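Structure provided below as structure tokens; questions to follow.
The values are calculated or read from the model by the stated rules, or taken from the named source; none is laboratory data. Just so it is clear, the model here is predicted, and its values are computed rather than measured. Backbone-built Cβ (ideal geometry, glycine too); neighbour counts: all protein chains shown. The protein model used for the area step is the full one, side chains on, heavy atoms only, and it has no ligands, DNA or RNA in it. Shrake-Rupley method; radii C 1.70, N 1.55, O 1.52, S 1.80 Å.
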Amino acid sequence: MAESLLTPSIDAQVALYAPYCGGRRVEGELRRALELWPSGHINGVRPLAGAPGHHFRLQWQVVEAPLLVSACTLTLQVEPTCCFRFSLAAHQLMVWLMELHSEGDGAPDLSDRFWQWLLLEASVERCLADSSALERNGDAEGH
């Protein structure tokens, strides 16, 4: 019973995140994303034209409010395995979870908007699976 007092209901979380994530008009997508939120990760596949897709795992720090910063790691399961580390407001990550889509019964993929942000705009740390830094994209402080 004490656990239920510490964890807000889905309805309370919808009310908290809705102003940052498109309002009540996207409530269904927001509820689905909020159901994923406590797990702190998703596994998916990024399709490639004419080739097998890249499997990935997106992990995030579960935070309690939309404006809090969540630390994230996206691991691409390619040879060699690499990852991208970044931090952003929880509401932005929630929007991307709302935009998850699947082809048929396949694994989910993140939206094109996410991949464009990651590759073109984000200040990310690229690393090998063993966590050694390869390269820093952005300023020296990671802002």
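Could you work out how much longer the chain between Arg31 and Val62 gets when fully extended? Use 0.36 nm per residue separation minus the Cα distance between them, nm to one decimal. Mind dumping the intermediate values first?
Working: separation 31, 0.36 × 31 = 11.16 nm, distance 1.58 nm.
Extra length available between Arg31 and Val62 comes to 9.6 nm.
What net charge is computed for the residues neighbouring Leu16, neighbours being all others with C-beta under 14 Å from the C-beta of Leu16, Lys and Arg scored +1, Asp and Glu -1? Could you put the intermediate results ahead of the total?
On the way: positive: Arg24, Arg31; negative: Asp11, Glu27, Glu64.
Net charge in that neighbourhood comes out at -1.
Tally up the carbon and sulfur contribution to the accessible surface of region 1-89 as a whole percent, 1.4 Å probe, everything protein left in place.
Carbon and sulfur atoms account for 59 percent of the accessible area of region 1-89.
How much length would be gained if the chain were fully extended between Leu88 and Trp115, taking 0.36 nm per residue of separation minus their Cα-Cα distance, in nm to one decimal?
8.3 nm
Largest first and in whole Å, what are the equivalent-ellipsoid semi-axes of region 1-116 based on the Cα gyration tensor, each being the root of 5 times an eigenvalue?
27, 16, 13
Using a basic spin-label model with each label point 7 Å from the Cα along Cα→Cβ, how many nm lie between His54 and Val14?
Once both label points are built, they end up 3.5 nm from each other.
Ignoring ligands, DNA and RNA, what accessible area per residue does region 16-118 give at 1.4 Å, in Å²? Please list the in-between numbers first.
Values: 5330 Å² over 103 residues.
Heavy-atom accessible area per residue stands at 52 Å².
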